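The values are calculated or read from the model by the stated rules, or taken from the named source; none is laboratory data. The model shown is predicted, which means the values in this text are computed figures rather than measured ones. Cβ placement follows ideal geometry from the backbone for every residue including glycine, while neighbour counts extend to all protein chains displayed. These accessible areas exclude ligands, DNA and RNA; they are computed on the full protein's heavy atoms, side chains included. Shrake-Rupley method; radii C 1.70, N 1.55, O 1.52, S 1.80 Å.
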Amino acid sequence: MTVSGRFVALLALGIIPVVLLGAHEGTAYLALGGWIVLCVLLGLLDLLLAASPRRVILERRLPARVRLGAEAVSELLVTNTGTRTIRGGLRDAWEPSAGLDRPRRPLTVPPGERRRITGTLTPWRRGERRVAEVTIRAWGPLGLWGRQATLSAPGAVRVLPPFAARKHLPSRLARLRELDGMTSVQLRGQGTEFDSLREYVRGDDVRSIDWRATARRHDPTSGSGARVMVRTWRPERDRRVILVIDTARTSAARIENEPRIDTAFESALLLAALASRAGDRVDLLAYDRTVRGRVQGATGGDLLARMVDVMAGLEPALIEMDWTAVPTQVAGITSQRSLVVLLTSIEAPGASRGLLSVLPQLAKKHTVVVASVTDPETIRATGQRANRDGVYRAAAAERSLLDVARVTAAIQRSGADVVTGSPADLPPALSDRYLALKAAGRL
């Protein structure tokens, strides 16, 4: 049961006889008591005439998935199976991070009819955004007292990473097509495969001449000279790209209002989309001390769908990363030479000791790239020296940059490449490094 503001106002009117009959306290209090009894009786009558909210059947219609920051339509169907009209309100108890535009709605449902309550969800957090209950309040005809019930109406929407970096994909695909066209005339080397035969032109390397093909094309009866054929090569396809995302405590740090792990997701999605278009196979591993997510064997359009579905539920774990187990995890995915991309953070040498200890083992068998997001605010702080506080901040920023430079140099000495950038720059920078490695035949 619930009471309305109208009932409270009605009770407040009982103060009038007390004021008017102030000289006759007995009569005034008697009149006040009679007024209160009358109000309660009216409230009870109103409650008896109110429709029962428990005679309601609820049904939800929700999209299965929505990207972070996008809008989704939530439909709640309310069916009145009772004999009285429900007049009141409804509260849809979504999680605040689901971003429901209007949780409270007025509700009027005649007996035997159904009403559709439509809302807009704009979630601002990844993962499963859930709703479990709906509260319905039905007022009586006088609007004094009402009945209220909380009914079960479970529902969930899976919020996927936004993949804002997909805007860089068309330009990188154009560069990939150019790369395929340019590398068909390069010499054979590691990471290349046979492409086609063509006639020899001045300037071609004589080591590319295919004498058997030349002999087959030679016609002694034609009277013309032999047409020398040369082989052309292109970057080898069907290579392996393994993306390892660090989900330990350092991935929870926010840079430009975005967690590091979200930047890692954007970088991994863009690189996976590019590599799959290039004909390479992509595997994903999210790891700290246990495997938090894995995508293997997916190709084509199914690859990104499975990746974003796994990423949706990943959150940083407040534990240290176990780098010693990463080579074993990579070996469990493939035994052939691959491009291993480690999406992590490179900070002080002490914090990066575990990463540095396993890089020689990985780089001995694979091509390794370490991708890390940098804070543009740190770079800006090095130039802000207008006062004493600014000088101290600049000194701390310079110290931080020197630590990153030391770790970067140590990674490169271990045989791995390093890619750094701001949250907006890291995804395209990592894709550019992939294209450069592919053009150099290092995959």
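Whenever a residue of region 421-441 is over 23 Å from P376 (Cβ atoms), its partners that are of a type in the set (K, R) and assigned to a helix (DSSP H, G or I), lying with C-beta atoms within less than 7 angstrom and at least six residues away or across chains, give the pairs L435/R172; L435/R175.
Checked against the criteria, A286 counts as buried (at least 21 other Cβ atoms within 10 Å of the Cβ), of a type in the set (A, V, I, L, M) and not in a helix (DSSP H, G or I). The sole residue among A395, A409, A405 that is open to solvent by 30 Å² or more (accessible area, probe 1.4 Å) and within 30 Å of R239 (Cα to Cα) is A409. The number of residues in region 412-440 that are out of contact with any Asp or Glu (no Cβ under 7 Å at 6 or more places or on another chain) and either outside any loop (DSSP other than H, G, I, E, B) or open to solvent by less than 10 Å² (accessible area, probe 1.4 Å) (or both) comes to 20. For region 377-392, give me each residue that is open to solvent by 60 Å² or more (accessible area, probe 1.4 Å) and within 18 Å of S345 (Cα to Cα). E377, I379 - these are the residues of region 377-392 that are open to solvent by 60 Å² or more (accessible area, probe 1.4 Å) and within 18 Å of S345 (Cα to Cα).
Take the conditions exposed (fewer than 15 other Cβ atoms within 10 Å of the Cβ), in contact (Cβ under 8 Å) with a residue 40 or more places away in the chain and in a strand (DSSP E or B) and apply them to T120. Does it pass? Walk me through it before giving the result.
Values: exposed (fewer than 15 other Cβ atoms within 10 Å of the Cβ): yes; in contact (Cβ under 8 Å) with a residue 40 or more places away in the chain: yes; in a strand (DSSP E or B): yes.
In short, yes.
Condition first: assigned to a strand (DSSP E or B) and either within 23 Å of A305 (Cβ to Cβ) or within 20 Å of the chain's Cα centre (by Cα) (or both). Can you find one or more residues in region 106-114 that meet it? No, region 106-114 contains no residue that is assigned to a strand (DSSP E or B) and either within 23 Å of A305 (Cβ to Cβ) or within 20 Å of the chain's Cα centre (by Cα) (or both).
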